[in-house]
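Okay, so here's the structure we're looking at.
The values are calculated or read from the model by the stated rules, or taken from the named source; none is laboratory data. None of the values given here were measured: they were computed from a predicted structure. Note that each Cβ is placed from the backbone with ideal geometry, even for glycine, and that neighbours are counted across all protein chains shown.
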């Protein structure tokens, strides 16, 4: 009835627990112990389960090896509650002797454990898209091979301005840090180029209905940027079409507004929606083709934002640990190797890191196309080697406040 | 006889608690024990309302949250020392309870439950949306625990000892309240409010004092919570946190001293330890609750007590 979630249960569960407590240095024959922080219960569970699926699919494809070493994946369910995340992180580090951590899923979880993982010199490969992690609060033992919250928004804003010739846009986003940071990044680049954000709407994360927000939207717009998470992109798009606005104003979305997890549900309404992301399952590289095939075979789903992250992390780790000959005992060496490496063949394409631990890599502008009853996020333009600071100077960039609800100030709002 | 048995039980428990740092194989387990005892203080404080006053609240995490935020904010953003931050947090938590008491004690039963739920949600909403003050969903982090009276609380054993001491103080205070005239009045207003009024007691005032003392001990739990996790976010005063405290009280046995503590320990162990081995730990938590409620409707502690008595006879 209950699934035992650990392969290591016999070893860690009963009498022999003392063996794993003292952190005996790992020999090369020992498995690589990876602590995987995800969410399997509570409101964030949908994404968290996809995250675990992505990791498992990558491991299956790679014979359960990273950097030549067998992997013992220790999955912890954080319940999406920061206090539990902290307890689970302690468990992985202190009791289970993790060599490194992957995760957690949400920004507030990552912030809740940041000081702990730093103090314990625990190399952590982040997945949560929040700007603090690699900007003002940049941590030494941290690297994020996916993206910051604003990284793809910068690109998309430039694309909207130069390629789509948009000048007047509205932004609508979930009213929490992830939504704010995506919209603020978009707003900054779009207005710096000369465009105007004339309307900013921030519905609560759990808005029961988007009708009241859609009725506020101006009609004389070139486009609307959506900074939605979870299923909100789907719900907004549906309502947008129900109110007869579909096709009249171009919709563009951030990282998760048109995520694969909701793309098929959105049906024909999704066609033509443009979004920016560091990954899309239709990428042609062989690593990605194999990964997508594995995900389809095991879980009958295309990998989206949550599932692709662990596969990118795993490839980055694989390269670094191979380079170190399988040795991961020195956290300083491990994290500096990860950060100084250039990995040419992750599923998102090549990945290298900046001085703050954030990946520099391709950002794809994608458009939803439909064929045979199936929606696909098809790449229409690739921006290579995109930094989290876009074209701004990092030092100058970091002098400004972190992207938030109130910064940068939207100067051109019309009400 | 029963008094002696109960004293013996408490003495054994105290010895067990004192031995824990030596028995447990690592700081991790001591950390779990600490989490359980911190949340036990919250459950105990809620039991003043439920067990003594007969008022079930679904907003009790508000006091924990307010005082935890107060500690975190004053420490992190104003640079206050713990000696100043802790009294301020306790005062603010108690003040919140005063305000909530005035609003919530207008109603009884379901109405009271709903008002406390609403007030709790207001606090959650404020924590979530008032980003300048609370950091929104990102919460407030603290760098390290303070050094108090020469104790470096960053040491897991030291912090555990402090938490144990606070729990013991809470237990004694609640025991004293229980056995005081005020405790008797509180139980009187629970069972026979009309008679109490006839006897010349100010029922509202008695309830208010009960409500505010529950809030005060909730704030105490909040201070411990902030230092325990070194992070405070909206989830600290969310509805699930309030409901969990209520569950702990009901599971362990309302109106007993040991009940809320037992409930807190059982739920924390399921949440943190069992959940590492069982994917569907939520289901397990639900099943545990159903079984306890159907086999021991009064909760674990009264249930086990009466079962032991039955066996002896």
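For residues that are farther than 17 Å from residue A:401 by Cβ and either part of a loop (DSSP other than H, G, I, E, B) or out of contact with any helix residue (DSSP H, G or I) (no Cβ under 8 Å at 6 or more places or on another chain) (or both), tally how many sit in segment A:123-151. Full working, then the answer.
Of the residues in segment A:123-151, the ones farther than 17 Å from residue A:401 by Cβ are A:123-129, A:139-147, A:151.
Then keep just the ones that are either part of a loop (DSSP other than H, G, I, E, B) or out of contact with any helix residue (DSSP H, G or I) (no Cβ under 8 Å at 6 or more places or on another chain) (or both); that gives A:123, A:126-129, A:139-141, A:145-147.
Residues that pass the stated criteria total 11.
Out of all the residues in segment A:159-197, which are in a strand (DSSP E or B) and within 20 Å of residue A:366 (Cβ to Cβ)?
Going residue by residue through segment A:159-197, those that are in a strand (DSSP E or B) are A:168-173, A:196-197.
Those that are in a strand (DSSP E or B) and within 20 Å of residue A:366 (Cβ to Cβ): A:169, A:171, A:172, A:173.
Please pick out the residue among B:61, B:18, B:82 that is surrounded by 21 or more Cβ atoms within 10 Å (Cβ to Cβ) and in contact (Cβ under 8 Å) with a residue 60 or more places away in the chain.
Details: B:18 fails: surrounded by 21 or more Cβ atoms within 10 Å (Cβ to Cβ); B:82 fails: surrounded by 21 or more Cβ atoms within 10 Å (Cβ to Cβ).
Among B:61, B:18, B:82, only B:61 is surrounded by 21 or more Cβ atoms within 10 Å (Cβ to Cβ) and in contact (Cβ under 8 Å) with a residue 60 or more places away in the chain.
Just one of (1) crowded, with 18+ Cβ neighbours inside 10 Å; (2) over 12 Å from the mean Cα position of the chain (by Cα) trips up residue B:222, so point out which.
Just one mismatch for residue B:222, condition (2).
Conditions: (1) within 11 Å of another protein chain (Cβ to nearest Cβ); (2) within 25 Å of residue A:296 (Cβ to Cβ); (3) at pLDDT below 95. Residue A:18 meets all but one. Number of the miss?
Unmet for residue A:18, out of (1) within 11 Å of another protein chain (Cβ to nearest Cβ); (2) within 25 Å of residue A:296 (Cβ to Cβ); (3) at pLDDT below 95: (2).
Check residue B:281 against each of (1) more than 13 Å from chain A (Cβ to nearest Cβ); (2) more than 27 Å from residue B:53 (Cβ to Cβ) and name the one condition it does not meet.
(1)
Of all residues in segment A:69-100, how many are more than 17 Å from residue A:119 (Cα to Cα) and either assigned to a strand (DSSP E or B) or out of contact with any strand residue (DSSP E or B) (no Cβ under 9 Å at 6 or more places or on another chain) (or both)?
The first filter runs over segment A:69-100 and keeps only residues more than 17 Å from residue A:119 (Cα to Cα), leaving A:69-84, A:96.
From what's left, either assigned to a strand (DSSP E or B) or out of contact with any strand residue (DSSP E or B) (no Cβ under 9 Å at 6 or more places or on another chain) (or both): A:69-77, A:79-81.
So the answer is 12.
Take the residues of segment B:236-249 that are touching a residue at least 60 places away in the same chain (Cβ under 8 Å) and over 14 Å from residue B:38 (Cβ atoms): which is farthest from the other protein chains (Cβ to nearest Cβ)?
Here the answer is B:249.
Is one or more of the residues making up segment A:33-52 modelled with pLDDT under 50 and closer than 30 Å to residue A:205 by Cβ?
Step one: filter segment A:33-52 for residues modelled with pLDDT under 50, giving none.
No.
Could you tell me whether residue B:55 is at pLDDT below 95, more than 19 Å from the chain's Cα centre (by Cα) and on the phi < 0 side of the Ramachandran plot? Before you say what the answer is, go through the steps one by one.
Values: at pLDDT below 95: yes; more than 19 Å from the chain's Cα centre (by Cα): no; on the phi < 0 side of the Ramachandran plot: yes.
For residue B:55, the condition - at pLDDT below 95, more than 19 Å from the chain's Cα centre (by Cα) and on the phi < 0 side of the Ramachandran plot - is not met.
Out of all the residues in segment B:289-307, is one or more at positive phi, touching a residue at least 12 places away in the same chain (Cβ under 8 Å) and either away from every other protein chain (no Cβ under 12 Å) or surrounded by 23 or more Cβ atoms within 10 Å (Cβ to Cβ) (or both)? Show your work before the answer.
To start, the set of residues in segment B:289-307 that are at positive phi comprises B:299.
Okay, now just the ones that are also touching a residue at least 12 places away in the same chain (Cβ under 8 Å), so B:299.
Pick out the ones that are also either away from every other protein chain (no Cβ under 12 Å) or surrounded by 23 or more Cβ atoms within 10 Å (Cβ to Cβ) (or both) and you get B:299.
Within segment B:289-307, one or more residues are at positive phi, touching a residue at least 12 places away in the same chain (Cβ under 8 Å) and either away from every other protein chain (no Cβ under 12 Å) or surrounded by 23 or more Cβ atoms within 10 Å (Cβ to Cβ) (or both).
Across segment B:93-113, what is the total count of residues that are part of a helix (DSSP H, G or I), without any contact (Cβ under 8 Å) to a residue 24 or more places away in the chain and either in contact with a helix residue (DSSP H, G or I) (Cβ under 9 Å, 6 or more places away or on another chain) or at negative phi (or both)? Walk me through how you get there before you give the answer.
Of the residues in segment B:93-113, the ones part of a helix (DSSP H, G or I) are B:93-104, B:109-113.
Next cut, without any contact (Cβ under 8 Å) to a residue 24 or more places away in the chain only: B:95, B:99, B:103, B:109-111.
This time we only want the ones that are either in contact with a helix residue (DSSP H, G or I) (Cβ under 9 Å, 6 or more places away or on another chain) or at negative phi (or both), so: B:95, B:99, B:103, B:110-111.
The total comes to 5.
Output the helices (runs of 4 or more DSSP H) that fall wholly within segment B:1-92 and possess 1 or more residues being over 30 Å from residue B:308 (Cα atoms), or say none.
Working: elements: B:2-23, B:27-47, B:61-76.
So the answer is B:27-47, B:61-76.
Those residues that are crowded, with 17+ Cβ neighbours inside 10 Å, at the interface with chain A (Cβ under 9 Å from one of its Cβ atoms) and out of contact with any strand residue (DSSP E or B) (no Cβ under 6 Å at 6 or more places or on another chain), I need them from segment B:135-171; list them, please.
The answer is B:135, B:136, B:137, B:138, B:142.
Out of (1) more than 21 Å from residue A:193 (Cβ to Cβ); (2) modelled with pLDDT of 95 or more, the odd one out for residue A:327 is which?
Single failed check for residue A:327: (2).
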